[in-house]
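Structure first, commentary second.
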Amino acid sequence: MLVAMPEEGAALVEAMSVSDRVEHGRRTFLFGDLWGTPAVVVVARCGKVAAATTVTELIVRFGVGRVICTGVAGGVGDRVAIGDVVVADALVQHDLDPRPLWPRHIVPLLDTGTFETEPDLSARIADAARAHADLDGAGGDVHRGLIASGDQFIHGPAMAGEIRDALPDVLAVEMEGAAVAQVCHEYGVPFAVFRTISDRADGDAAADFGESLGSFAASHTRGILSRVFGGGSGGV
């Protein structure tokens with residue numbers, strides 16, 4: 001389980017029965033039980049490099065069999081609102097542009113730039129998100145589709161519009177998911193990414209981000225994953 005910021009993972013840590021912790025690479029890896037399932041929770045810090053190095057550690061050093069990346073994101077899809085949840089079907093790096101050597105968004109030498117999530121795990125997360133919205137009273141809509149990652153905090157119409165023009169199907173933007181996806185793809189590890197929408201990637205994004213991070217984002221993550229891990233879906 002990977003998040004970028006302590007606030008995004010705080011509710012998971014509170015729910016976790018921690019049996020061990022490992023300090024490595026300036027990160028704290030917490031081992032324990034989440035709703036009956038063995039898990040590792042780590043704060044990767046923000047950005048694609050931080051996410052890639054952290055998920056590599058999870059896979060290579062600690063041998064995790066599946067990866068979930070969660071936290072908040074900016075909503076850029078037309079019907080994506082603050083408080084909604086976006087479950088990724090695929091991820092792409094919106095700021096990757098190796099032209100003219102390779103097409104835009106293509107990872108050089110991999111011949112792809114779009115990394116698909118594990119279908120079954122993503123479907124279960126989406127079902128859990130809908131149940132959390134409806135049965136737990138969290139509200140908001142649940143969306144499935146493309147999430148785009150880049151080393152930028154998108155905070156204005158021009159920035160968001162440029163990404164939408166290049167990637168018309170994009171629903172949300174953040175800074176880690178596609179890096180996690182590429183590493184999992186290369187190591188053959190199933191993964192899922194879901195995000196609570198904290199802002200609309202517009203001129204109010206910074207203020208909305210801070211407010212959402214401190215209010216409902218962490219509780220959304222906990223409510224959704226409690227159903228995935230222990231809510232009758234068979235765990236991960």
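Within segment 107-121, is even one residue aliphatic (A, V, I, L, M) and either at pLDDT below 95 or crowded, with 22+ Cβ neighbours inside 10 Å (or both)? Let's see the steps before the verdict.
If we filter segment 107-121 for residues that are aliphatic (A, V, I, L, M), which is where we start, we get 107, 109-110, 121.
Subsequent filtering for residues that are either at pLDDT below 95 or crowded, with 22+ Cβ neighbours inside 10 Å (or both) retains none.
No, every residue in segment 107-121 fails to be aliphatic (A, V, I, L, M) and either at pLDDT below 95 or crowded, with 22+ Cβ neighbours inside 10 Å (or both).
For segment 13-30, enumerate the residues that are of a type in the set (G, A, S) and not in a strand (DSSP E or B).
Quick first cut of segment 13-30, residues of a type in the set (G, A, S) only: 15, 17, 19, 25.
A15, G25 - these are the residues of segment 13-30 that are of a type in the set (G, A, S) and not in a strand (DSSP E or B).
Check segment 131-139 and report whether any residue there is in contact with a strand residue (DSSP E or B) (Cβ under 9 Å, 6 or more places away or on another chain) and either within 15 Å of P168 (Cα to Cα) or among the hydroxyl-bearing types (S, T, Y) (or both).
So far as segment 131-139 goes, no, none of its residues is in contact with a strand residue (DSSP E or B) (Cβ under 9 Å, 6 or more places away or on another chain) and either within 15 Å of P168 (Cα to Cα) or among the hydroxyl-bearing types (S, T, Y) (or both).
Any idea which of G203, G188, G137, G150 is touching a residue at least 40 places away in the same chain (Cβ under 8 Å), surrounded by fewer than 19 Cβ atoms within 10 Å (Cβ to Cβ) and not aliphatic (A, V, I, L, M)?
Being touching a residue at least 40 places away in the same chain (Cβ under 8 Å), surrounded by fewer than 19 Cβ atoms within 10 Å (Cβ to Cβ) and not aliphatic (A, V, I, L, M) holds for just one of G203, G188, G137, G150, which is G203.
I'd like to check something: does segment 212-225 contain any residue that is closer than 20 Å to V67 by Cβ, touching an Asp or Glu at 6+ places or on another chain (Cβ under 9 Å), of a type in the set (A, V, I, L, M, F, W, C) and modelled with pLDDT under 95?
Checked against the condition, which is being closer than 20 Å to V67 by Cβ, touching an Asp or Glu at 6+ places or on another chain (Cβ under 9 Å), of a type in the set (A, V, I, L, M, F, W, C) and modelled with pLDDT under 95, segment 212-225 yields at least one hit.
The values are calculated or read from the model by the stated rules, or taken from the named source; none is laboratory data. None of these values were measured; they are calculated from a predicted model. Backbone-built Cβ (ideal geometry, glycine too); neighbour counts: all protein chains shown.
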